[in-house]
1. Here are 29, 35, 7, 67: which of them is at pLDDT below 95 and under 14 Å from the mean Cα position of the chain (by Cα)?
2. Step by step: first the residues of the range 42-64, then only those that are among the small types (Gly, Ala, Ser) and either under 15 Å from residue 107 (Cβ atoms) or more than 18 Å from the chain's Cα centre (by Cα) (or both), then the one that is surrounded by the fewest Cβ atoms within 10 Å (Cβ to Cβ). Which residue is that?
3. Select from the range 1-25 the residues that are among the acidic types (Asp, Glu) and either touching a Phe, Trp or Tyr at 6+ places or on another chain (Cβ under 6 Å) or within 21 Å of residue 44 (Cα to Cα) (or both) and list them in ascending order.
4. Which one of these is outside the structural domain of residue 10 (by TED's automatic domain parsing) and surrounded by 15 or more Cβ atoms within 10 Å (Cβ to Cβ): 39, 85, 80, 35?
5. For the range 82-94, indicate whether the set of residues that are at negative phi, modelled with pLDDT under 95 and in a strand (DSSP E or B) is non-empty.
6. Considering the range 7-32 alone, what residues qualify as being of a type in the set (Val, Ile, Thr) and either within 13 Å of residue 63 (Cα to Cα) or not assigned by TED's automatic domain parsing to the domain that holds residue 50 (or both)?
7. Residue check, residue 75 against (1) over 17 Å from the mean Cα position of the chain (by Cα); (2) closer than 30 Å to residue 114 by Cα, all met but one. Which one?
8. So how many residues does the range 1-53 have that are assigned to a strand (DSSP E or B) and of a type in the set (S, T, N, Q)?
Amino acid sequence: MHELSIVTSVVESVTESLEDYPGARVQEVRLRVGVLSAVVVDSLEFCWGLATEGTPLEGSKLVVKMVPIVMHCAHCAADVELDGVQSFRCPRCDEPCSDLRQGRELEIESIEIEDGAASEAAAIQVE
């Protein structure tokens, strides 16, 4: 189960980001996960509670946004979304596609925190 190591890395990254916000508590962490990333969302969510115990993220919510597969079809000269991984063919013209544009992501999209000093919620956009 590599999801535990993924979640542990996310917790470490978010904890580092909090150094600029002393006393802040994390309310929510949003991840973008590509369909081709071989990550099981249920396992990520299960591991979240374990990995956040005793950290500033304890009690926070993990929100996972699945990112579909997008390929560029040279024949159509367009980006197309694939329905699944069974066939890497353009759904418009049925030509093979090999130019992957989206679907392997595994990234922190944003972090929502509550600033302990001001009791205000803020969102940190991660780029």
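1. Only one candidate passes the filter, namely 35.
2. The qualifying residue surrounded by the fewest Cβ atoms within 10 Å (Cβ to Cβ) is 54.
3. Matches in the range 1-25: 3, 12, 16.
4. 80
5. Yes.
6. Result: 7, 10, 26, 29.
7. For residue 75, the exception is condition (2).
8. 1
The values are calculated or read from the model by the stated rules, or taken from the named source; none is laboratory data. Predicted, not measured: the structure shown is a model, and the values here were computed from it. When we count neighbours, we look across all protein chains shown, and the Cβ atoms used for this are built from the backbone with ideal geometry, even at glycine.
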